[in-house]
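First up is the structure itself, then whatever we jot down about it.
The values are calculated or read from the model by the stated rules, or taken from the named source; none is laboratory data. Remember, predicted model here, so these are calculated numbers, not experimental data. Note: ideal-geometry Cβ built from the backbone for every residue, glycine included; neighbour counts use all protein chains shown.
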Amino acid sequence: MLVLYSAQIGVFVAQDLLLFFIIWEVELIPVYLLVCIWGGQNRRYAATKFLIYTAAASIFILVAALGMAFYGDGNLTFDIVELGMKDYPLGLELLLYAGLLIAFGVKLAIFPLHTCCKQGKNFRHYLTKTAHIFQCHRVGAVVGNAC
């Protein structure tokens, strides 16, 4: 649980997009272990499905981060402030937006990308259920329809 909470704090304080991506991926490991150990009947299936869905969706974050970092005058940076100051063409902005929407939509369990969270409703242990609910809803209040 300490690794999970540390990773979640790291996601919110990261000022570097590459560091954000790495910490975003690190937090998958404790959630996977929590679900595998204390989950319900189909805990391994639910944990594996959650891991595959979120890891596959995270590729979109990596591609968007690389696209933003490599675009421009040759100054390679992953600093979020500097990336925000760059002037991107509208087509690239729309592609980056779509990629990030897919990635965060899977992780935040936005409809219709929420199928990995359906097995999570059957967790028996309160610790696993709490971690899973927090994982699915941590930013869901801002975005909208979560789990």
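Annotations for the structure displayed:
- Set side by side, the residues Y88, Y5, Y71 differ, and just one is at pLDDT below 90 and either of a type in the set (S, T, Y) or on the phi > 0 side of the Ramachandran plot (or both), which is Y5.
- Residue pairs whose Cβ atoms lie under 6 Å apart, sitting 6 or more positions apart in sequence or on different chains, and linking a residue in the stretch 101-117 that is within 16 Å of V31 (Cβ to Cβ) to a partner that is modelled with pLDDT under 70 and assigned to a helix (DSSP H, G or I), are L108/G140; L108/V143; A109/C117; A109/C136; C117/C136.
- Candidates A69, A56, A103, A64, filtered to the one that is part of a helix (DSSP H, G or I) and more than 17 Å from L17 (Cα to Cα): A56
- Candidates K86, K49 - the one that is basic (K, R) and surrounded by 16 or more Cβ atoms within 10 Å (Cβ to Cβ): K49
- Answer residue from the stretch 60-95, given it is among the β-branched types (V, I, T) and under 24 Å from V106 (Cα atoms) and is farthest from the chain's Cα centre (by Cα) among those: I80
- Any hit, the stretch 32-50, residues being in contact with a helix residue (DSSP H, G or I) (Cβ under 7 Å, 6 or more places away or on another chain), free of Cβ contacts under 8 Å to residues at least 24 places away in the same chain and among the hydroxyl-bearing types (S, T, Y): yes
- D16 within 20 Å of the chain's Cα centre (by Cα), more than 29 Å from P112 (Cα to Cα) and modelled with pLDDT of 90 or more: yes
- Some residue of the stretch 16-29 being of a type outside the set (A, V, I, L, M, F, W, C), surrounded by fewer than 16 Cβ atoms within 10 Å (Cβ to Cβ), over 19 Å from A109 (Cα atoms) and out of contact with any Phe, Trp or Tyr (no Cβ under 8 Å at 6 or more places or on another chain): no
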